[in-house]
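Chemist: First the structure, then my questions, so here it is.
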Amino acid sequence: MRKILLSLTVVLSTVVFSSASDFGLQGLSAVDIPALGFPAVQVPAVPLRAEAQDRYFNPYVLKAVDYLYKNYGLKGYDIHSVLTHDIQYGGFGTIKATRPPLTMCVAAQMEVILTAMQLYSQETGDYSEYNYLPRSSFEGLTIDDIKGHIWVNHEFHSDGTADALINFGMGERRPFEQLEPGDFININRTNKTGHAVTFLGYIDKAGDVLPQYGPDVVGFKYFSSQGLADPGYGGFDFRDAVFSQFGCPDGMPLKRDCGVIFSNDQLYLNTGAMLAPTYWTGARPKPAGVPGRETQFDAAYFNGLTTDDRPPR
């Protein structure tokens, strides 16, 4: 097997995440997986702006990405599965996984959020964020449940994870050109499918990470669950997303996700940041005339397939 070396080294004002350590609080280490012909690659460091170290939850989102990839990466993708494992919700019980360790994309973003909350509490000793929403909010699909918004429901005015966080006072809008590693994106593709992902950095046509948005940007690196059901060929993993106007460049270091629609319309490219718990505002979504209706997950739209996904031989 080949090794894909993924190092999400994030330099903060007082902490440097570099090599592997217990509980996934350091940079991503080498992991043996079927690379399907893709060469080893190292994702360079992308420093967070000073404001992202305090007001926003990005550092813990990135720690969650690290932890989930190391411990639950590439276990397989399944459109009907939610969470790779049961997750303790503070002192309020357990959110049960459905058909673990398989999972899919919108559930992957909810798992990133829940894991970031766990890591924050364990590191700081502050568990007060679990008083903000009941456990049931991450289990139900109504307008009163954040899960119903993460799953995408246009009637709830939620076109992605960023909208879900904003609707519940836990996030802020951040346009694509100003994204930070650890922000959230929901994409739409020209083939009429979509995906929910964690943003990791802008890329050029070679797949190299750029320090900031600029004229050389053709897409971005992301973390989510996608691919096939076979272990090693789907589940939590990384991709190079490419906007449709740039085609599908050869030679990118990660599997490609081409045909992504670039738009300033949040319906098509939904972007934003998660706030740190001390900045959550207490906002709640307004009923919008559909208080009793539940989100219906669109399995055809979130089919999990990206450009270079291939079945095992």
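The numbers here are math on the coordinates, done by the rules we state, and not lab data. These numbers come from a predicted model, not from an experiment. Cβ atoms come from the backbone with ideal geometry, glycine included; neighbour counts cover every protein chain shown.
Chemist: Please work out whether region 84-147 counts as rounded, prolate or oblate from its C-alpha gyration tensor, where a ≥ b ≥ c are the square roots of the eigenvalues and a/c under 1.5 means rounded, while otherwise a/b larger than b/c means prolate and anything else oblate?
Modeler: Since a/c reaches 1.5 but b/c is at least a/b, the shape of region 84-147 is classed as oblate.
Chemist: Can you spot the aspartates and glutamates whose alpha carbon is less than 12 Å from Lys147's alpha carbon? Ignore those fewer than 8 places along the same chain.
Modeler: Of all the aspartates and glutamates, those that pass the test against Lys147 - Cα under 12 Å, at least 8 places apart if same chain - are Glu111, Glu139, Asp163, Glu294.
Chemist: Can I ask one more? Under 1.5 on a/c is rounded, so check that first for region 111-224, then, if it is not, pick prolate when a/b is larger than b/c and oblate when it is not; a ≥ b ≥ c are the square roots of the alpha carbon gyration tensor eigenvalues.
Modeler: Oblate.
Chemist: Just grab the label-to-label distance for Ser244 and Asp216, each label 7 Å out from Cα along the Cβ direction, in nm (one decimal).
Modeler: Going by the 7 Å Cα→Cβ label model, 2.7 nm.
Chemist: For His149, what is the net charge nearby, where nearby means another residue's Cβ is under 14 Å from its Cβ and Lys, Arg count +1, Asp, Glu -1?
Modeler: Net local charge, His149 excluded: -3.
Chemist: If the chain between Asn264 and His157 were fully stretched, how many nm would it gain, using 0.36 nm times the residue separation less the Cα-Cα distance?
Modeler: Separation in residues times 0.36 nm, less the Cα-Cα distance, equals 36.9 nm.
Chemist: Run down the lysines and flag those whose C-alpha is under 21 Å from the C-alpha of Lys255, throwing out any fewer than 8 positions away in its chain.
Modeler: List returned: Lys3, Lys70, Lys75, Lys192, Lys205, Lys221.
Chemist: Classify region 178-225 from the C-alpha gyration tensor, please: rounded if a/c falls under 1.5, else prolate or oblate depending on whether a/b exceeds b/c.
Modeler: It comes out oblate by the Cα gyration axes.
Chemist: Let me ask something else. Ranking request for peptides 75-87, 139-151: highest mean number of other beta-carbon atoms within 10 Å first, then the rest in descending order.
Modeler: Numbers: 75-87: 20.1, 139-151: 21.9.
Listed from highest to lowest mean packing, they are 139-151, 75-87.
Chemist: I would also like to ask the following. Among 172-185, 91-104, how do they line up from the highest to the lowest mean number of other beta-carbon atoms within 10 Å?
Modeler: Answer by packing, highest mean first, reads 172-185, 91-104.
Chemist: With 10 angstrom as the radius, rank Lys205, Lys286 by how many other C-beta atoms surround their C-beta, starting from the fewest.
Modeler: Working: Lys205 16, Lys286 11.
Lowest to highest Cβ neighbour count: Lys286, Lys205.
Chemist: Quick one: net charge of Gln266's neighbours, Cβ under 14 Å, K/R +1, D/E -1?
Modeler: On the way: positive: Arg173, Arg174; negative: Asp159, Asp163, Glu172, Glu177, Asp183, Asp265.
Combined, the nearby Lys, Arg, Asp and Glu give -4.
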